[in-house]
Amino acid sequence: SYSQPGSYDVTLSVTNALGSDMVIMEDLISVTSLDYGNLALEYDGTDDYVEVSNESAFDFTSAMTLEAWIKPDALSGTQGIISKKFGNNAHPYLIRLTNDEIIFGFYSNSIGWQPVQTSNDNLVAGQWTHIACTYNQVQAKIYVNGEQKASVSKNFEIPQNDQALEIGRTKDVAYEYFKGVIDEVRVWDIALDAGQIAENMCTNYLGAADPNLVA
């Protein structure tokens, strides 16, 4: 057991009735810090993204929440944040920026394009912002730093496909990559309410068990 990070020697001693012997193995054990705080992924805006393999847990039908902390380097053009990749005639759900506004949308051949968009976000480049997008087959909503910024009545069933979940890009005609830092991405199979979002957005869920937090 080691209380501090570093490299440690190991000493092996063998003893019997005839005597003893010892060997020292230098720097055999390397201990790194288990403090995962203050870490995030930085995206270059050109080709960086994270792909999470398709799982049935990402195939929602009636309710969901996507949330993340983002720090965009700039607020111009379109930048993808979270997306279920397009395929099987569906782009099930996505969050992206268009300049300093947030778009939360759903697409399939059967329901068409179903978005909700903010109009007064006033996001600031280089500044951390928490965003959360929810849907419950009644309303699609967008929250910024715990405050509801947009809401549209919707009642469709969420599309599904067999594609990966992606962080850092979405696709319209071409891929739209995020430039900046993304942290604390969470995917829920329920629509969190305003109180839950405001209470939990600064909570570290690393290692925490919650039956509705699917990723």
Going by a ≥ b ≥ c, the root eigenvalues of the Cα gyration tensor, does segment 71-182 fall in the rounded group (a/c under 1.5), the prolate group (a/b larger than b/c) or the oblate group? oblate
Net length gained if the chain between residue 98 and residue 14 were fully extended (0.36 nm per residue, minus Cα distance): 23.4 nm
For the chain, set up a Gaussian network in which alpha carbons nearer than 10 Å are linked by springs, and say which option among 153, 83, 13 fluctuates the most. 13
Distance (nanometres) between label positions extended 7 Å along Cα→Cβ at residue 124 and residue 147: 1.3 nm
Between residue 199 and residue 4, 0.36 nm times their residue separation minus their Cα-Cα distance comes to what? 66.9 nm
Expected max-MSF residue from 43, 107, 205 in the GNM of the chain (alpha carbon, under 10 Å) is 205
Go ahead and set up a Gaussian network model of the chain, Cα springs under 10 Å, then flag whichever of 99, 145, 204 fluctuates most. 204
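Quick note: the coordinates plus some simple rules give every number you see, no bench work behind them. Because the structure is a prediction, the values reported are computed rather than measured. Cβ: placed from backbone, ideal geometry, glycine included. Neighbour counts: every protein chain shown.
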